[in-house]
Amino acid sequence: MNETKKNARSRAGIIYSVFLLLLAGMLFVPLPYYLYQPGTVEKIANYVKVENGAPSKDGSFSLTTVFSSKVGNTFTLLYGLLAPDTEVRKAAKVRGNLTDAQYKALLEHMMKRSQNSAVAAALEASGKQVPVKYTGIFVQSIYAGSKAEGIIFPGDIIIEADGQSVTKLDDMLAMLDAGKKPGDTIKLGVLRDDQQLELAVELYGLAGSDPLSSKAYPRIGLVTEDQFQITPPVKVEFTVSDIGGPSAGLMFALEIADQLDPAELTHGLTIAGTGTIDASGKVGQIGGIRDKIIAADRAGVDLFFSPADANPNDSNEKDILDEAKKREYDITIVPVRTLDEALEYLENLDSTA
């Protein structure tokens, strides 16, 4: 009898221990997922100050955000699966093969670049020339299978190739196409953590756009963007925030243009929007646009600027119009291809709208 009780207690102890381990796993073991939800609508005048400029007194320009968070445990995942307007995404689809630190650095870089582009585009639209100096090729990520894996890392800045200075991607492509072939090695001068490194990478062959051609173009296998510095004739200051990524570019540019213009471009309206922007004022596609129109409606936005669908694979315009129609939102949605299109719309807007 005593032996039976001892065995029962032993089994109960094992079951209890297993239960505690399972509970600990559910509470403390992070899962490879992110939750995405409609975020906030932030007045850009709180983040941007233009020298001798002033924001609209009655209306406002705002950026829109998507709230994202890592799934810390099973309970958070269950919440994400059940909560309204919440999407669960695999971590690999959010940040690829980047570490958390690399992904954060990439978002910070993209935000900084969008701010520089917004300044250049807004000042150019206001009739002010902005000198642009290209300083290198910023590495966003590495294609799977590239020979550069483990040699080049996200956040690296390429400034030399085979001993020659390269300040833009076009410089690099011209060099590769002029004298290299797949299988060759290229020596790269790379800035990483304020140190210059000399690295060697084997090139691979990338098929061209002509399906009838067998020619393979030598490539490194990197996703990159040009890094540049600007010297604006008007000082524009940005307040540090925890918002990252490039999608506020269009709205930054509109706020800068508004502060430069004696008239109030907002016409007293609450205006929000999203869209990347380059230094020439071209507006590009972004992610999470359905979440952003939901956030805009919750904030009582009157007018929303979105990227127009300019290319066959673009979908921002279709998605936002579909979401607004489905939810019966009373928001004026204006798709634009350029900053000039947005400014022209505002200039022609009736102040009593």
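Between [x] -0.41, -0.63, -1.11; [y] -0.33, -0.54, -0.98; [z] -0.35, -0.58, -1.11, which entry matches log10 I(q)/I(0) by the Debye sum over Cα atoms at q = 0.07, 0.09, 0.13 Å⁻¹ as derived from the coordinates of this structure? Calculated log10 I(q)/I(0) by the Debye sum over Cα atoms at q = 0.07, 0.09, 0.13 Å⁻¹: the matching label is [x].
With K and R counted +1 and D and E -1, the other residues having a Cβ less than 13 Å from that of V301 yield a net charge of -1. Computed about the Cα centre, the dipole magnitude for segment 80-176 is approximately 220 debye when only Lys and Arg (+1) and Asp and Glu (-1) carry charge, each at its Cβ. Once the 1.4 Å probe is applied to the protein heavy atoms, the chain comes out at 54 Å² accessible per residue.
Near S60, once Lys and Arg are set to +1 and Asp and Glu to -1 for all other residues with Cβ below 12 Å from its Cβ, the sum equals -4.
Projecting the Cα atoms of L81, Q229, A121 onto the charge dipole of the chain, computed from C-beta unit charges around the Cα centre, puts L81 farthest toward the positive end.
Placing +1 on the Cβ of every Lys and Arg and -1 on the Cβ of every Asp and Glu, with nothing else charged, gives segment 300-353 a dipole about its Cα centre of roughly 200 debye. Shown for the chain: the carbon plus sulfur share of the solvent-accessible area, taken with all protein chains present and a 1.4 angstrom probe, equals 52%. Here's the picture: charge each Lys and Arg Cβ at +1 and each Asp and Glu Cβ at -1 in the chain, and of I137, S69, L169 the one pushed furthest to the positive end of that dipole is S69. Each DSSP beta bridge with both residues in the chain is either parallel or antiparallel, and the antiparallel ones are about 80%. Calculate, for A101 and K133, the FRET efficiency according to 1/(1 + (r/R0)^6) with r their C-beta to C-beta distance and R0 35 Å; round to the nearest 0.05. About 0.80, to the nearest 0.05. Counting only lysines at least 8 places from K70 when in the same chain, those with an alpha carbon closer than 25 Å to its own are K90, K93, K104, K112, K292.
Electrostatic tally near K187: other residues with Cβ closer than 9 Å to its Cβ, Lys and Arg +1, Asp and Glu -1, net -3.
Relative to the current alpha-carbon distance between Y345 and A174, full extension at 0.36 nm per residue lengthens the span by 57.6 nm.
The A200 and Y79 beta-carbon pair, evaluated with R₀ = 51 Å, returns a calculated FRET efficiency of approximately 0.60. Mind running the shape call on segment 201-326? Use the C-alpha gyration tensor, a ≥ b ≥ c as the square roots of the eigenvalues: rounded below 1.5 for a/c, prolate if a/b tops b/c, oblate otherwise. Verdict is oblate for segment 201-326.
Charges were assigned to the Cβ only: +1 to each Lys and Arg, -1 to each Asp and Glu. The resulting dipole of the chain about its Cα centre is roughly 1960 debye.
The values are calculated or read from the model by the stated rules, or taken from the named source; none is laboratory data. Keep in mind that this is a model prediction, so the values were computed, not measured. Heads up, the Cβs are rebuilt from the backbone with ideal geometry, glycines too, and the neighbour counts pull from every protein chain shown. Note: areas computed on protein heavy atoms with side chains; ligands, DNA, RNA excluded. Shrake-Rupley method; radii C 1.70, N 1.55, O 1.52, S 1.80 Å.
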